[in-house]
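For reference, the structure discussed in these notes is given below.
No value in this document is a laboratory result; all are computed from the given coordinates. Quick caveat, the model's predicted, so the values are computed rather than measured. For neighbour counting, all protein chains shown are included, and Cβ atoms are generated from backbone atoms with ideal geometry for every residue, glycine included.
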């Protein structure tokens, strides 16, 4: 089977890309995280569909997520916009995650999905999973995973303070890996990006 060739184009320093979007009717614009771009219809990693053109408005959290985005869209052209995103501190990440859990408890009968939470935060699913473990070790929440992706939350758990430090270190490492990966993508060559994401 012949490998499909994808053209990668660098728009990281293009200030006019928003004006030119109308020239691409069959397009998907990838965005995840907070503060979505105004007046743009964007898709996260869970809602992408096939299209001739893929715009990376935001940066994927890791190489595997980036490859999966390309696989889902099956584009002929990939435009790299890579707008800077909010970078979470440990406390910022955990605060946002706890807010999502509370929203899920109040509005979704306590049933949430790790892929949805990961996409909303713009982080890897592994990072969100560790964040939930950490929150449960504090005693703030408890959760049960169903089918590896669905979480059923309750508000109080059995605190396990002895596990907090090691879990905190693991979360910090994952957050730092994501930051480093995104910074690398913002500065490296298009050829290197194509190699990573193809």
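Any idea what diffusion coefficient region 90-179 gets from Stokes-Einstein, in µm²/s, Kirkwood Rh on alpha carbon pairs, 4 °C, 1.567 mPa s?
100 µm²/s
For labels at residue 147 and residue 39 in the simple 7 Å Cα→Cβ model, what's the distance in nm?
Label at residue 147, label at residue 39, 4.0 nm between them.
Using a Förster distance of 22 angstrom, determine the FRET efficiency expected from the C-beta separation of residue 177 and residue 138, and round it to 0.05.
0.40
Of all DSSP beta bridges in the chain, what percent run antiparallel (nearest 5)?
40 percent
Suppose the chain between residue 154 and residue 26 were pulled fully straight at 0.36 nm per residue; how much longer would it get relative to their current alpha carbon spacing?
Full extension from residue 154 to residue 26 adds 41.8 nm.
Applying 1/(1 + (r/R0)^6) with R0 = 35 Å to the Cβ-Cβ distance of residue 190 and residue 107, what FRET efficiency is obtained, to the nearest 0.05?
Efficiency, rounded to the nearest 0.05: 0.25.
Below 8 Å between Cα atoms, with a sequence gap of 6+, how large is the relative contact order for the chain in percent?
Relative contact order for the chain comes out at 22 percent.
Could you work out [θ]222 nm for the chain from helices alone, using -39500 (n - 2.57) per DSSP H run of at least four and dividing by all its residues? Round to the nearest 500 deg cm²/dmol.
The helix contribution divided over the chain gives -14000 deg cm²/dmol.
Grab the eigenvalues of the alpha-carbon gyration tensor for the chain, scale each by 5, take roots, and send me the semi-axes largest first in whole angstrom.
Three semi-axes, in Å: 34, 17, 15.
Given R₀ = 25 Å, FRET efficiency for residue 46-residue 162 by Cβ-Cβ distance, to 0.05?
0.10
Express in whole angstrom the spacing between the alpha-carbon centres of region 1-77 and region 168-190.
With region 1-77 and region 168-190 each reduced to a Cα centre, they are spaced 20 Å.
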